[in-house]
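Here the structure is laid out as structure tokens; the discussion comes afterwards.
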Amino acid sequence: MTNFNPRKNFEDSLKKIGYVERKKATQKDYDRIGFMSGLEVHQQLLTEKKLFCRCPAGYFQKIGQYDAEIIRHMRPTLSELGEYDGTALMEFKTRKKIIYHLANKSACTYDVDDTPPFPIDREALGIAIEIALASKFNIVGEVHITRKQYLDGSIPTGFQRTAIIGLEGSIQMKNKKLRLIQLSIEEDACREVSDIGHTRVYRTDRLGMPLIETVTYPDFKNPDEVKEGCDYIRFLNRSTGKVRTGIGAGREDVNVSCKGGTRVEIKGVAHTKWIPELTHVEVFRQWALLAIRDELNNRISKENWKMNFVEIDPKEFTFYYTPIKNAIDRKEKLYAVNLPQFEGLLSHFTQPGKPFYDEFINRLKVVACIEKPNMATSEDLDDVISEHVREKIRQMLKAGERDAQILFWAQEDDVKTALDVIEERALMAFDGVPKETRKSFSDGTTIFERVLPGADRMYPDTDSAPIPLASDYIDSLRSTVPDEIIDRYNQLKEWNVPQDSYNYIFTHNYFPLIKKIVTELDICPKYVGVFFGQKLKHFHGQYKNIQFDLERIYDLFAYLKKENIDFAIAPKMLNEMFKHPKMDFESILTVIQFKRINKDDVFARIKFIDDKFSPKRKNTNSVDKVNSIMGQLRTISEGNVDLKELAKKILN
């Protein structure tokens, strides 16, 4: 053991499983490990009221802004089959105290389960059906409300009301048809404020807001495909103009598995740009866990494996690792755990910068509620325990030659749960990939969040009657369904709008306005597409918010056309519209010091400037000459003459 090098083992195991960085990965790499992924895309609906009460939707509290505080402890209930859901049992084991901060304006007695649900909000139901139709789902004949257990405290009732709206849909992507399983409408959960130790705090402002969930089949074969599919679903949702936008309004759960693995859900991914790295890292994490499984089973059978542990007396050891010293000062208990035949496995690669022991660290945080850092091992990549201490612990545990050790610290009440968590995760290593939900980070890595829920958490809502959907009602909604995203994509392509503009245009649903400007004002579609996808995007990023009605851009082009002012002046005017949202166009022209000049007067100045053209550089050409003259005439020519026409005039 003294010659064992954890960092070298980490690097060697990374190479052994064939991990490659995403930028270097090819389809062959993903085919080798059997990459498979599907999506659950959530989208808040733009409604006036919440889904099952009459509180306003879209009113958000600030941290510390609340009128009442409620404390609850969650307990699991039996399903209709007389079974407990694994996730519910795990959450119950955490012994969490859940605190809710309620504001009178955004919450009511329904939110805290003191009042039965109101009838479902019809505006939300209509929007959900419209989006389901746009996604080519078969609409159900009757909506049945069901309950889905959530014992993490994110919903005070302990369950979420949800209902299936459509089944078996599809969305055409650039190169494939994306198959969809179902679309549901459901109430959103609370927003988490903090989660420290055994206390979790939520704000209830988001609770109960209408939300749809679009679920796909696991048809994606590489990370970039997953992002593209998610983008298409989000673009489709936004194309109705009836969904909320902004941080948290759209979230996706990404399901990933590899050959021989199992479904793992990456929960609540906030940005689609994270998806490629997250799915890439997750599929290789599972591949690494399968390698750990095979190695462990070659060494010992699961039936013969048994963990042992011992309490450590701090007085008998000298620790220099600050978290351990702090734990001792807090009078916490120190326990050493022996994991037979785990040598070389704790420091085995699982994710970039994360060895296998990270799986234990995060389960201790989530289930035993022991804040990180919460443990050290005999195979830490960074040396936090001296060799002398490690050897003394090994002797106390009577460790074998190929055993590995974990040292953790916790309050006395949390010790038993911590020991159970360590043993449970070690036994899972014999089976490969645990079914779990994981939390995402921007670097592509994930951590354990909770056990993956099963069907046992679903049961009918006896408080809500079925809702029949008449054919004429569905037909009336069908007439409002927007164009398919692929048709809009192809139209932009036909107009020769640069593809780097598409994402911004679709994200903000600007295509209908672009089409309106092109068709009604007869303006070059490529120019309008670039104006939105690049000019508007630039100013939007610079000023952060658009405080004027977007229809004013239509009015801007209509004004310029009516006044016979060249569109080259439009970007300058747009900049002023961001600065002065209510200023009229004539005043904007005054601010930017635009003066109407006959184009013949502009052309007349070309010869004078041309005669004075005297470059300092020896090697100049006609392009340099044109650029020089254009630069001197730009101020007076913008808005008065087409710049392409001016360039041709200079050349002639």
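Ordering Y527, Y66, S13 by the projection of their Cα atoms onto the charge dipole of the chain, which places +1 on the Cβ of Lys and Arg and -1 on the Cβ of Asp and Glu, puts Y527 at the extreme positive end. For the chain, relative contact order (Cα pairs under 8 Å, six or more residues apart, normalised by length) works out to 15 percent. The label point for D382 and the one for F539, both projected 7 Å from the Cα toward the Cβ, are 4.8 nm apart. Find the centroid of the Cα atoms in region 314-337 and in region 217-252, then give the distance between the two in whole Å. That distance is 48 Å.
With Cα atoms defining each centre, region 281-312 and region 28-102 are spaced 31 Å apart in the structure.
Taking the Cα centre of region 87-241 as origin and assigning +1 to Lys and Arg Cβ atoms and -1 to Asp and Glu Cβ atoms, the resulting dipole is close to 340 debye. Legend: calculated FRET efficiency, E48 to E391, from the Cβ-Cβ distance at R0 = 60 Å, rounded to 0.05, equals 0.30. Within the full protein context, the accessible area of D113 is estimated at about 70 Å² for a probe radius of 1.4 Å. Remark: region 427-581 carries a charge dipole of roughly 660 debye about the Cα centre, counting +1 on each Lys and Arg Cβ and -1 on each Asp and Glu Cβ.
Its Cα centre serving as origin, the chain has a Cβ charge dipole (Lys and Arg +1, Asp and Glu -1) of approximately 2360 debye.
Within the shell of other residues whose beta carbon sits under 10 angstrom from the beta carbon of P218, the net charge comes to +2, with Lys and Arg scored +1 and Asp and Glu -1. What the Cβ-Cβ distance of F548 and E401 gives, at R0 = 56 Å and to the nearest 0.05, is a FRET efficiency of 0.15. FRET efficiency for the pair R179 and D294, taken as 1/(1 + (r/R0)^6) with r the Cβ-Cβ distance and R0 = 45 Å, rounds to 0.85. Candidates M428, T322, C369 compared by Cα position along the dipole of the chain: farthest toward the positive end lies T322, with charges placed on Cβ. Here the simple spin-label model places points 7 Å from the Cα toward Cβ, and for Q27 and I99 these points are separated by 5.4 nm.
Q499 sits among other residues whose Cβ lies under 11 Å from its own Cβ, and their net charge, with Lys and Arg +1 and Asp and Glu -1, is +1. Between their Cα atoms, which of K267/K365; K49/K105; K242/K544; K16/K259 are more than 20 Å away from each other? Over 20 Å Cα-Cα: K242/K544. Could you name the lysines whose alpha carbon sits less than 20 Å from that of K526, not counting residues in the same chain fewer than 8 places away? Partners found: K493, K515, K516, K535, K537, K561, K572, K644. What the chain shows is 47 Å² of accessible area per residue, with the surface traced by a 1.4 Å probe over protein heavy atoms. Report in % the part of the accessible area of the chain that belongs to carbon and sulfur, leaving out ligands and nucleic acids; probe 1.4 Å. So the carbon and sulfur contribution to the accessible surface is 49 percent. Remark: region 446-552 is approximated by an ellipsoid whose semi-axes, taken from the C-alpha gyration tensor as √(5λ), come to 39, 24, 15 Å, largest first.
When the chain is described by a simple charge dipole with +1 on each Lys and Arg Cβ and -1 on each Asp and Glu Cβ, the residue from N304, F557, M173 located farthest towards its positive end is F557.
When you count the other C-beta atoms within 10 angstrom of each residue and take the mean per peptide, 63-73, 286-296, 410-420 line up highest first as 286-296, 410-420, 63-73. Packing, taken as the mean count of other beta carbons within 10 Å per residue, orders the peptides 330-342, 32-44 from highest to lowest as 32-44, 330-342. Peptide packing: for 94-103, 562-571, 210-219, 311-320, the average count of neighbouring Cβ atoms within 10 Å per residue gives the ranking 210-219, 94-103, 562-571, 311-320, highest mean first.
The values are calculated or read from the model by the stated rules, or taken from the named source; none is laboratory data. All values reported here derive from a predicted model rather than from experimental measurement. With ideal geometry, Cβ positions are generated from the backbone for all residues, glycine too; neighbour counts draw on all protein chains shown. Accessible surface areas use protein heavy atoms only, side chains included; no ligands, DNA or RNA. Shrake-Rupley method; radii C 1.70, N 1.55, O 1.52, S 1.80 Å.
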